[in-house]
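A quick write-up on the structure given underneath.
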Amino acid sequence: MSRIFNVVTGIIILCGLTVPTATGQDAPGPEIVLTNSASREHLDLTGAWTYSIDPYRDGLKSFHGNGPGLGHRRYETTDVESVTRENPTARYEYDMRREKIVTLPGSWVNHAPELRHYDGLMWYAREFDASPESGQRAFLRFGAANYTAHVYFNGELVGRHDGGFTPFAFEVTDLLQDGENLLVVGVDAQRTDQTVPPPVTDWETYGGLTRPVRLIYTPETFIDEARAWLGKDGSIMAEIALDGPRAGGRDVSVTIDALGLTLDGRTDRNGVWQGSTPAPEDLSLWSPESPALYDVAFTAGNDTLPERIGFRTIEASGTDILLNGEPIYLRGISMHEEELGADPGRIMTEPAIRALLSEIKDGLNGNFVRLAHYPHSELTTRLADEMGLLVWSEIPVYWLIDWDNPDTLAEARTMLAENMTRDMNRASIIIWSVANETPVGDDRNRFLGTLIDDVRTRDDSRLVSAALLTTSETRNGTMRTWIDDPLADNLDILAVNTYNGWYGGPALDGVDDIIWESRHDKPMIFSELGAGALAGFADEEIRRKFSESFQADYYRATLAMSEKIPHLKGMSPWILKDFRSPRRQHPVYQQGWNRKGLISETGQRKQAFYVLSDFYRNMQTATPAGEE
Ligand code: GCU
């Protein structure tokens, strides 16, 4: 369980499974974190897997409701072909060794045409050879599996994970065989009213093993969590948590060669250490204009874990957002996790991610990206570190959540903890968001209040937000809008999704007359604004909705409105790229795509792309870099 928490509410680091939060409840955390696991010795299980669909979930339980029948246990190591040759009466209704083959990771939407809308249970199998060394430990780590994963290794159930967007790992040291091993994973995409998110969202599900699967090797006692960051007092802070039989009372160190800096310490009896040292004068602060990253080495005995970390501070002060003490305007855009192309499968390779992020950084002159509506791949946040993009990271507490269901709350808290512990070292991440467009209510306020407490307990170096709904009224022909949400008191940045001129509100020529009242002395950003357009449908004369002309007019009007709001300190318009959504079925304009992108699914820039790009460029030249 994640052992590291900041000393935030006066709660000193506690080992073990949880730490009481301000609300007195326990803040959950993942069993195993494996910070920067890709840097460890590992076997990458990208490549050929066989798959077998199981829409009625016979592989998990029989139609009587008992355990799965012999003929359906896809996870068993049985060589069905040879067994049935020797025993002609044996009955198997699967054979994972002779099933169809696909390359993973990636969603099953592209495995075969009939799987385009499959929302059930899918079994994947992968054989591999290993030669474990004594004293080593072995973990199966999944970057993500959407939505529930049942993991079997050499015929044994090693664990189950719920949540489609965060990493998880199971130790398999005692099951790993010298020679051939069989990994079988049942991935179930089904969501329910109790899951996070619920079944109804405005994006494609993309079920499957969507991120890398690796067999990670570690020493017997290893560095499970390691973090370094720039504290508000100007110190470099560091934390290490060890896992293993000799975690307690262990000498540890943190070294940043480029700064000639070494921090030494010793873990407490629970294997946890925290230390700090004044930041050296020549420390280069990380920013979008200068994304300085340092090689940091965390060491404990025979285990050294490398990381690349940027050091910066982010604060809210009055209605300002301060990056390294200087006011900044977030010139952003929102983005789903979906690669460019006519048939995306959520296959986020480095080139795919770079193509999207450079459209933001270079194409739009942006410095900020809202990774909507769920934790994106860890490669995306690492590339944001490298390319210099500030990041809003969120969990899919989206629309109609089962607010008074303790299991739903537990799932959201675990997802939040998994997301945060994975990305603690990412300088690009400045905001943790706990919700999107959730209706105000007592149960919802309590649910989100617990999540906000968890964020603050775990990390006092970043800001907390949520995409809120607004209240408005029109008096004497003038529309006034404001945030009337008790949650606003708990947030550092107030974010609102606004669509006046697309979903209701005045006609476009009345949008920039809207008056935005500031009822909180806090910065506000537009976490969403947008309009749909089919790329290539200009419609210069009529300028109807879903034309590029209307979308461009919408952006001109909404950006003009934004310039009249003194407490508005940024925006992440909806959205960079057209994305798949089963809810969007206009036969001409949508065809299963949400068309609010500024670029089409194949990367074709629409007129509105240039409206926003010019707006941000003019903003940059008006306030030179670093003085935003
Ligand atoms: C909402 C929601 C998005 C959705 C968008 C839209 O604000 O947050 O997920 O895609 O509106 O209607 O396009």
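The values are calculated or read from the model by the stated rules, or taken from the named source; none is laboratory data. Because the structure is a prediction, the values reported are computed rather than measured. Cβ: placed from backbone, ideal geometry, glycine included. Neighbour counts: every protein chain shown. These accessible areas exclude ligands, DNA and RNA; they are computed on the full protein's heavy atoms, side chains included. Shrake-Rupley method; radii C 1.70, N 1.55, O 1.52, S 1.80 Å.
A few remarks follow.
- Volume in Å³ per residue [convex hull over Cα atoms, computed for the chain]: 155
- Spin-label model distance (nm) - Ala48 vs Glu31, 7 Å beyond Cα toward Cβ: 3.2
- Volume per residue of the convex hull around the Cα atoms, evaluated for the stretch 499-628, comes out as 128 Å³.
- Note that the stretch 281-336 shows a convex hull volume over its alpha carbon atoms of 155 Å³ per residue.
- Computed label-point distance, nm, for sites Thr602 and Asp257 using a 7 Å Cα→Cβ extension: 4.7
- Taking a ≥ b ≥ c as the square roots of the eigenvalues of the alpha carbon gyration tensor, the stretch 160-284 is oblate, as a/c is not under 1.5 and a/b does not beat b/c.
- A full extension of the chain between Arg543 and Ser518 corresponds to an added length of 5.7 nm, given 0.36 nm per residue minus the alpha carbon distance.
- The Cβ shell under 14 Å around Ser317 holds other residues with a net charge of -2, Lys and Arg each +1, Asp and Glu each -1.
- Distance-filtered residues of the stretch 451-488 - backbone nitrogen under 18 Å, label point 7 angstrom along Trp399 Cα→Cβ: 467-470
- Packing order of peptides 404-416, 201-213, 280-292, highest average first: 201-213, 404-416, 280-292 (average count of other Cβ atoms within 10 Å over each peptide's residues).
- Relative contact order of the stretch 39-219, defined on C-alpha pairs under 8 angstrom at six or more residues apart (%): 30
- Remark: the Cα gyration tensor places the stretch 471-549 in the oblate category, a/c being 1.5 or greater and a/b not exceeding b/c.
- Approximating the spin labels as points 7 Å out from Cα along Cα→Cβ, the Glu114-to-Asp320 distance works out to 6.3 nm.
- Accessible area (Å², per residue) of the stretch 324-622, counting only protein heavy atoms and a probe of 1.4 Å: 32
- Binning the alpha carbon pair distances of the stretch 324-622 at 5 angstrom intervals from zero yields the distribution 1, 5, 12, 16, 18, 18, 15, 10, 4, 1, 0, 0, expressed in whole percent.
- Stretch gain in nm, segment Thr471-Asp442, where the contour uses 0.36 nm per residue and the Cα spacing is subtracted: 8.7 nm
- Per-peptide average of other Cβ atoms within 10 Å, ordering 257-267, 566-576 highest first: 566-576, 257-267
- For the chain, the tally of Lys pairs with Cα-Cα distances below 16 Å comes to 7, considering only residues 8 or more apart or on different chains.
- Isotropic mean projected area of the C-alpha convex hull, the stretch 413-470 (nm²): 4.1
- Within the chain, helix-based [θ] at 222 nm, where runs of 4 or more DSSP H residues each add -39,500 (n - 2.57), nearest 500: -4500 deg cm²/dmol
- Surface/4 of the Cα convex hull for the stretch 39-219, nm²: 11.7
- Gain in span if fully extended, Phe63 to Thr173, counting 0.36 nm per residue against the direct Cα distance: 36.2 nm
- Share, in percent, of DSSP beta bridges within the chain that are antiparallel, nearest 5: 75
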